[in-house]
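Input: a single structure, listed below in structure tokens.
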Amino acid sequence: MGISNTQYRDIMFQYDQTRMNNQRILDKRYETLFAEIPELEQIQHDIMDLSLTQARKELFQTEPDPKSEAEYSAEREALLSRKKALLLHHGYPEDYLQSIYTCPDCKDTGYQNNEPCHCLKNAEIKALYESSNLMDILNHENFDTFDDSYYDDTIVNENLSLTARQNIRKVKTVCLDYIKHFDDSYDNLIFYGSTGVGKTFLTHCIAKKLLDTSHTVLYLTSLQLFDILERNKFRHEDISTSNEQIAYMLQSDLLIIDDLGAELVNGFTSSQLYYFIEERHINHKSTIISTNLSFQELRDRYSERIFSRFIGFYHFFLIIGDDIRQKARLTAK
């Protein structure tokens, strides 16, 4: 999906601002140095006059004149050399009056040879992070900080026939495979299990990997999701903003709904959850859900048609173990 049109316009506006700010800095430098070094101002005028004269010659020439071009180049180079010498003599770098670019590679346009510059790609990724609701937390919750030593490796779970550590390693492998094939395989995941066993952490790990490869990821708790939907349905202060917000929620490459089951279940939330599951499935837009509810509690809490979508569209992964957050706090002390 990539960034939205609004995000792209905002980024291009920042490029415009950068170019204008850099030009103001350069103009101020010229103003200061012209007052300090009068000869420098004369040289600058001579360079401009020489360039204009050459441009007029070329405009009326029927064919190139190598002699004229060589003379122009020699005169211009002599003036530029004198300009650099004056700057150095007065204690300034010889390139002090050259154009200023925050990104010299694209000259603050965002593009090199009609291809997006690395700075534009970074700006787009930053915009995706900002719109994901995960800007700060992914710095310390990602696969690089994933630590399975918090999971017990001595007790085998009867249902899984695995220890907690063996299970989380298996789920991690699933997550990495999910990321690897994200662009060529449509899948949805549900992580379920007790509070604090690392379900949300896993969604953050996946989110970071996908954001870093320029995918759109939106993270919302179930409370945030239904609050936004309720406000957009019953308060119509800004219809266009509401429509864009809903469209982004429906069309983002990955939607993460965290802590499903914390919301108040009623007719509105049930219908909206069904709508989001169905619409994103029809458009092959992946969704990851984490919940503290057990498999049976999901069945009991939601309607049969919602649960049938869970069964039909999602892969379930039970996360077991002790409360990781408590262990982490104890370890930090």
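Points worth noting:
- For the criterion of being assigned to a loop (DSSP other than H, G, I, E, B), surrounded by 14 or more Cβ atoms within 10 Å (Cβ to Cβ) and either touching a strand residue (DSSP E or B) at 6+ places or on another chain (Cβ under 9 Å) or outside the structural domain of Arg280 (by TED's automatic domain parsing) (or both), Thr109 passes.
- Summed over segment 173-204, residues that are in a helix (DSSP H, G or I), of a type outside the set (Ser, Thr, Tyr) and either out of contact with any Cys (no Cβ under 8 Å at 6 or more places or on another chain) or more than 25 Å from Ile311 (Cβ to Cβ) (or both) total 8.
- Residues satisfying the stated conditions in segment 136-162, i.e. in a loop (DSSP other than H, G, I, E, B) and either among the small types (Gly, Ala, Ser) or over 17 Å from the mean Cα position of the chain (by Cα) (or both): Phe146, Asp147, Tyr151, Asp152, Asp153, Thr154, Ile155, Glu158, Asn159, Leu160, Ser161
The values are calculated or read from the model by the stated rules, or taken from the named source; none is laboratory data. Please read these numbers as outputs of a predicted model, since none were measured by experiment. When we count neighbours, we look across all protein chains shown, and the Cβ atoms used for this are built from the backbone with ideal geometry, even at glycine.
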